[in-house]
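The values are calculated or read from the model by the stated rules, or taken from the named source; none is laboratory data. Because the structure is a prediction, the values reported are computed rather than measured. SASA here: full protein model, heavy atoms, side chains in, ligands and nucleic acids out. Shrake-Rupley method; radii C 1.70, N 1.55, O 1.52, S 1.80 Å.
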Amino acid sequence: MAIVVLVLWAFTAGAGFYLLLTSSLGRGRPAGLPVPGSQPASLAQPAATAARAAQAAPTRPAARRATRDRWAPPSLVAAKQAPILPSARSLVEFAHPAGGIIGLAFWLGFTLVHNRALGWIAFGLVAATACVGLGWFTANTRAARRADPGRPDGPTGSAPSFAGRLVALHGSAAAVTVALAALTALVLRG
């Protein structure tokens with residue numbers, strides 16, 4: 001039964017990876033725009049303000065700085081303006097796949113050696129990963145509704161869009177994985 005859960009977990013991870021590849025996650029935030037919720041709109045253009053102030057000053061270092069900022073690509077300007085700490089959205093975008101992969105590794109260890117501690121660690125990780133995934137799904141759904149409440153067919157703006165069938169497939173496979181992992185960890189003796 002541990003092998004069945006391992007294969008199902010790998011299938012869930014594959015579906016999630018395909019879901020990330022086909023989503024608009026990479027296109028959700030253009031390079032020149034700040035991350036939503038990270039900075040107020042009044043702080044969105046400090047590089048342009050600094051460049052104008054540097055052009056007005058006659059000093060040599062200010063002139064060099066203005067030349068550097070003038071040719072900076074939008075991605076560099078956005079990186080300079082990005083907050084030091086990641087936003088909650090970025091943290092969830094990293095934590096959900098990372099938790100699933102680490103849990104899969106623990107379950108592989110449980111499958112190979114049948115150590116109950118590895119099974120329970122894997123179960124805890126898959127349960128936490130499922131909770132993070134549900135939170136991510138809820139936040140994206142709410143952001144999509146806030147972005148365009150009149151349009152029922154999908155999100156716009158800063159909310160990433162995912163294919164509905166893939167989300168349902170990934171979520172249902174994850175639910176079965178959580179249930180079977182708990183059952184297997186309970187039934188198998190170490």
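Quick notes
- Taking the centroid of alpha carbons for each part, the stretch 166-186 and the stretch 104-133 are 12 Å apart.
- Extension gain for ALA98-VAL4 works out to 31.7 nm (0.36 nm per residue, less the C-alpha to C-alpha distance).
- Area of SER90 that stays accessible when all protein chains are in place (1.4 Å probe, Å², to 10): 40
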